[in-house]
Amino acid sequence: MSETANPAGQTPSVAPKHPRNIVVGVSGGIAAYKAAHLVRNLKEHGDDVRVVPTEAALNFVGAATFEALSGHPVSTTVFDAVDEVQHVNIGQHADAVVVAPATADVIARIAAGRADDLLTATVLVATCPVIVVPAMHTEMWFNPATRDNVATLRRRGITVMEPAHGRLTGKDTGPGRLPEPEQIAELVRTRLAGIDINYDWQGLKVLISAGGTQEDLDPVRFIGNRSSGRQGFALAEIASQRGADVTIVAGNTVDLQTPSGAEIVNIVSTSELKAEMDSRARDADIVIMSAAVSDYRPASVASSKMKKGTNDDALSTLHMTENPDILKGLVAAREQGEISQETTIVGFAAETGDEKSSPLELAQAKFQRKGCDVLMANDVSEGKVFGNVNNEGWILTKELEPRTVAHGTKQVVAAQILDVVNEIRHEAGA
Ligand code: CTP
């Protein structure tokens, strides 16, 4: 655990501070150009950014670019501005340090505790969250020396992001690409919110449904919902960063980055979602139903476009058939032994409340009905939550009082849900 550890499942108590001082370390890889986008993203969210490149990084992107984007001078060596004791000051005043891209060489130097340039000296001094974002060729990433160095950093509480799969500098492809700047920035902000991300889910298989299902009416029309998929993708991101093997079964979503290393399976309708979840849940340790599932589908799907005033006016009066409840089905399959008893099942509840009951009361009743182990309940009245980057609500479990989840980004909320899942799995001896 690092110094920023928060008690599992508790809303972090870190007071928001703005602007926060973020150090962006850049080492010498072709992906150094993406660091410019990272700096811009962090600045646009109101934070102050100081760039500390290595000498090698400046072969790829000039100091002028980083100075213009950050509004601060850039140096690489501890012998610049010696009177300001930069090699200590920058790290001491940082609220977060992110090294992106991090080459195999800089990872090795950080693991060895070296301080032979301004970047490594800054990392050695920093007591704030440190996020290292590797980018290198696949062979270097899988080299035992790099594996050991990465494990060392993780053991010390440094967040080492999994690299993305894809095209590398030459013609080769594989794991080793730098994740997208928005993904890196979001993870930095999550750590800044007081969220600790331990690499403790290696070997666990996590299955997550996300986004909205759509039910066809005819070849051009469908019935859908406003889900963006953001909460499911945020859960996938945090589970991936904890080291789990993650599969996302995604319906309709806004344009979202797939977390590094996660597998994505696309579906459209509820029946497709059910088929994927039912078969994949047999092999999963944790199943999360964050998809917004259509409760009903048209009783029949027209094979040609329905025309106004024809087809017995089928467009003005739709006949609907109830869809199966996938979450309830998964719980029943576990009771019948088709899914392991050790599998943790998580549901969501989107509630607006009504004249008789509050959103929390409705969610508690839904929790009883669904029979899952954890339920994340949201108040979705007045346009809250759907499509937003933020979320809030309550986490319900069988054993504990409802936990209030304060307003925060969907990644911060995701981390808290997964902490609760971790806690109840440990209590159950999993
Ligand atoms: N869910 C499901 N299958 C359905 C409907 C919902 O698996 N046919 C899951 C959702 O993914 C979510 C949970 O059940 O995890 C609750 O979804 P929600 O839409 O809030 O509740 P419903 O069961 O649809 O109940 P209602 O619409 O009456 O509130």
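Any read-out appearing in this document is the output of simple, stated calculations on the displayed coordinates, not a laboratory observation. Keep in mind it's a predicted model, so treat the numbers as computed, not measured. Neighbour counts are summed over all protein chains in view; Cβ atoms, including those assigned to glycine, are modelled from backbone coordinates with ideal geometry.
Of all chymotrypsin sites (Phe, Trp or Tyr not before Pro) in the range 212-296, which ones are in loop regions per DSSP and have a Cβ with at most 12 other Cβ atoms within 10 Å?
Passing both the DSSP loop test and the Cβ count: no residue.
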Through the Karplus equation 6.51 cos²θ - 1.76 cosθ + 1.60, θ set to phi - 60°, convert the phi angles of the range 419-430 into ³J(HN,Hα) values in whole Hz; use x for Gly and Pro. 5, 5, 4, 4, 5, 6, 5, 5, 4, 7, x, 6
Pop out the ³J(HN,Hα) list for the range 360-374 in order, Karplus 6.51 cos²θ - 1.76 cosθ + 1.60 with θ = phi - 60°, rounded to Hz; leave Gly and Pro as x. 5, 5, 5, 5, 5, 5, 5, 4, 4, 5, 7, x, 7, 8, 9
Calculate one ³J(HN,Hα) per residue across the range 201-211 by plugging θ = phi - 60° into the Karplus curve 6.51 cos²θ - 1.76 cosθ + 1.60, and present them in order as whole Hz with x for glycine and proline. 10, 4, x, 7, 9, 10, 10, 10, 8, 8, x
In terms of modelled amide H atoms, which long-range or inter-chain residues lie less than 5 Å from the amide H of Val52? Val24, Gly25, Val26
Along Cα→Cβ, 7 Å out, is where each label goes; now give me the distance between the ones at Thr321 and Tyr33 in nm to one decimal. 5.3
Go through the range 10-93 and name the trypsin sites (Lys or Arg not before Pro) that are in a DSSP coil and have 14 or fewer other Cβ atoms within 10 Å of their Cβ. Lys17
Please list 132-139, 302-309, 409-416 highest first by mean number of surrounding beta-carbon atoms within 10 Å per residue. 409-416, 132-139, 302-309
Amide H to amide H under 5 Å from Ala349: which residues, 5+ apart in sequence or cross-chain, H placed 1.01 Å off N in plane? Met376, Ala377, Asn378
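Pairs of Cα atoms under 8 Å, at least six residues apart: use those to get the relative contact order of the chain, whole percent.
Reported as a whole number, the value is 13 percent.
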